[in-house]
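Notes follow the structure.
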Amino acid sequence: MTATHFVHQQASHCESGVMSAIVRHCGLPLSEPMAFGLSSALTFAFLPFFKLSGLPLVSYRMPPRTIIRGLQKPLRFSMRTETFRRPEDGARRLNELLDAGQVVGLQVSVFWLPFMPPDFRFHFNAHNLIAYGRDKADGDYLLSDPVLEEPVRCASADLTKARFARGLLAPKGLLYYPANAPQEPAWERAIPVALKKTARNMLHTPLPFIGVKGIVRIARAFERLPAATDPQATKLFIGHLVRMQEEIGTGGGGFRFMYAAFLEEAATLIDRPALAELGAQLVEIGDLWREFALAAARMIRDRDPLDPAHLAALLRAQAAREKTFFTSLNKAARLS
Amino acid sequence: MNADDVPQEGSATYGGHLKAIYARTHDGRLGLVQTRGWEVEETVTLQAVQAFEELAARALERTHAGQSSPLEVHMYRARMDVAQLAQASGLWSWRVRRHLRPAVFARLSKALRVRYAQALGIDTDQLSVVD
């Protein structure tokens, strides 16, 4: 058995959970919200031209690997990433790194992970977890999946299948580990930079699918749903957005609560109480996202009449609130 | 959201696990709070699970009626659609769609059967069996 001493800590989201754990393992205390906020991972994206089982790609965060890449600059270290063409090579390299005592981050498909509850096992290819050891007797890997309470074991054939799943966002066996030790950043600089980037992603992208414009666009898609002629498809579309908001390990309210926790922590770190106040505002916005989810779920369960136009109005109101919020955040970040 | 308001509704979809979400804890700061589930989340998860179950059930009927091949049943049971099965098996979508026809499926080569079985995570001899 080779296993590095590794402390598992449950997180709400996979990539931020994995990256904060890897940084902590290197000796730098870093919370999950700080990893998420410093890498400017928050956004909203509605990409109707990418379809998964007929449903559009919706996300409340930046694309996969944003956090892995985004922490390198503020924490002044580099992550080494490797992908593989052949599964055998990927497995061999992972074993090599584990035998050398390295803690390794992996991108996997949730569907092929036997330890996941069956109802969570969909073909989502951008899940992340950590391998920290291997049982040489039976080849099982010791894994720390940040969304679970405890570390788990996984047979090597299963893990290899999950690492080399094909399709949208295929992991191609991606593994990653720090090439050198992360260092405590100059918080007074790193935090405002990260805030401005998030504000920019929410307010000023040239594409109409990202940020506040993305929320407006999905509101418009809601208005066009065929509620009267095809209630089943309408409900699937509505439910899909709620799943992306609440089920996919977002920490609740589509990452808004996690980002609020980051703002609160940042306020203390660089002594800027205004950021904590903004955090409190974002909690309220997150609560309203939860209310939207509740209203949607009631329609799906036929407790309320199916009325996507009403949900669209809620979405437009959220877009307006987020626009105001991120404009204030941008100002607060520039005042430093 | 306050820690006391974090739903603890015991979602069946969690399979006995707990998830962690962020909420205002008793010391007034935002932190991780474990949850046993929220009915809203359970609703949308089950909706997605059941959508595939319904597709599989309808495919099964068609297969028994000789209108479709067992491949379609296995595809939906593996929570895939034609596009995803095409990507997972490395075949063109139109070929996958063609293999959903019983007559074409019956003539499928050994190599293609192995390929589908691998993509679906089942044994090759299970591929033509449905119940």
(request) Using the charge dipole of segment A:71-159 (Lys, Arg: +1 at Cβ; Asp, Glu: -1 at Cβ; taken about the Cα centre), state which of A:LEU129, A:PHE111, A:THR83 has its Cα farthest towards the positive end. (result) A:THR83
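Please report, in cubic angstrom per residue, the volume enclosed by the convex hull of the alpha-carbon atoms of segment B:42-126.
In segment B:42-126, the Cα hull volume divided by residue count equals 89 Å³.
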(request) Using Cα centres only, tell me the gap between segment A:173-219 and segment A:57-97 in whole Å. (result) 17 Å
(request) Report, in degrees rounded to the nearest 10, the 0 to 90 angle that the Cα long axis of helix A:308-334 makes with the longest principal axis of chain A. (result) 60 degrees
(request) Within segment B:39-131, report the chymotrypsin sites (Phe, Trp or Tyr not before Pro) that DSSP leaves as loop and that have at most 11 other Cβ atoms within 10 Å. (result) B:TRP92
(request) State the Kirkwood hydrodynamic radius of segment A:84-130 in Å, one decimal place, computed from all pairs of distinct Cα atoms. (result) 11.9 Å
(request) Provide a whole-number value for the mean count of partner chain Cβ atoms within 10 Å of the Cβ atoms in peptide B:9-22. (result) 6
(message) Can you tell me what percent of all Cα-Cα pairs in the protein assembly as shown are more than 42 Å apart?
(response) 16 percent
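Just counting partner chain Cβ atoms within 10 Å, what average do the residues of peptide B:88-94 show around their Cβ?
Working: counts 7, 1, 1, 0, 0, 0, 0.
Partner Cβ neighbours, averaged per residue: 1.
Treating only the Cβ atoms of Lys and Arg (+1) and Asp and Glu (-1) as charged, compute the dipole magnitude of segment B:52-112 about its Cα centre; round to the nearest 20 debye.
It comes to approximately 320 debye.
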(message) With just the Cα atoms defining each centre, how far is segment B:93-111 from segment A:129-145? Give it in Å.
(response) 39 Å
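Relative to the Cα centre, what is the charge dipole magnitude of chain B, using +1 at the beta carbon of each Lys and Arg, -1 at the beta carbon of each Asp and Glu, and rounding to the nearest 20 debye? Mind dumping the intermediate values first?
Values: 16 positive and 15 negative charges, 212 e Å.
Rounded to the nearest 20 debye, it is 1020 debye.
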(request) Would you work out which of A:GLY286, A:PHE255, A:LEU306 lies farthest towards the positive end of the dipole of segment A:204-336? Charges go on Cβ: Lys and Arg +1, Asp and Glu -1. (result) A:LEU306
(message) Stokes-Einstein diffusion coefficient for segment A:187-334 at 20 °C in a medium of 1.002 mPa s, Rh from the Kirkwood formula over Cα pairs: what value in µm²/s?
(response) 133 µm²/s
(message) Can you tell me which of B:ALA78, B:ALA65, B:ALA117 moves the most in a GNM of chain B? Springs connect C-alpha atoms under 10 Å apart.
(response) B:ALA65
(request) Find which of B:VAL73, B:LEU112, B:ALA48 sits farthest along the positive direction of the dipole of segment B:42-126, computed with +1 on the beta-carbon of Lys and Arg, -1 on that of Asp and Glu, about the Cα centre. (result) B:LEU112
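Per residue of B:25-33, how many C-beta atoms from partner chains lie within 10 Å of its own C-beta, taken as a mean?
Details: counts 0, 0, 0, 1, 6, 16, 5, 10, 4.
So the per-residue partner count for this stretch is 5.
Test of the criteria: in segment A:38-104, which trypsin sites (Lys or Arg not before Pro) are in a DSSP loop and have at most 12 other Cβ atoms within 10 angstrom of their Cβ?
Numbers: sites: A:LYS51, A:ARG61, A:ARG65, A:ARG69, A:ARG76, A:ARG80, A:ARG85, A:ARG92, A:ARG93; in loops: A:ARG65, A:ARG76, A:ARG85.
In loop regions of segment A:38-104 (DSSP not H, G, I, E or B), the sparsely surrounded trypsin sites (Lys or Arg not before Pro) are A:ARG85.
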(request) With +1 on each Lys and Arg Cβ and -1 on each Asp and Glu Cβ, and nothing else charged, work out how big the dipole of the protein assembly as shown is about its Cα centre, in Debye to the nearest 20. (result) 2180 debye
(message) Over chain A, with a Gaussian network built from C-alpha contacts below 10 Å, which listed residue (A:PHE257, A:PHE325, A:PHE44) shows the highest mean-square fluctuation?
(response) A:PHE325
(request) Find out how many positive minus negative residues lie around A:TYR132, taking Lys and Arg as positive, Asp and Glu as negative, among other residues whose Cβ is under 14 Å from that of A:TYR132. (result) -2
(message) Which of B:ARG77, B:ARG95, B:ARG115 ends up with the largest GNM mean-square fluctuation for chain B, with Cα atoms connected below 10 Å?
(response) B:ARG95
(request) Would you mind checking the pairs A:LYS196/A:LYS323; A:LYS73/A:LYS331; A:LYS235/B:LYS19; A:LYS235/A:LYS323; A:LYS136/A:LYS172; A:LYS197/A:LYS323 and listing those with alpha carbons more than 18 angstrom apart? (result) A:LYS73/A:LYS331; A:LYS235/B:LYS19; A:LYS235/A:LYS323; A:LYS136/A:LYS172
(request) Pull up the cross-link candidates among the lysines for B:LYS110, meaning alpha carbon to alpha carbon under 23 Å and not fewer than 8 places away within one chain. (result) A:LYS161
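Bear in mind that the values in this text are calculations on the coordinates, not laboratory data. Note that the structure is predicted; figures quoted are calculated from it, not measured. Cβ sites come from the backbone with ideal geometry, for glycine too, and all protein chains shown count toward neighbours.
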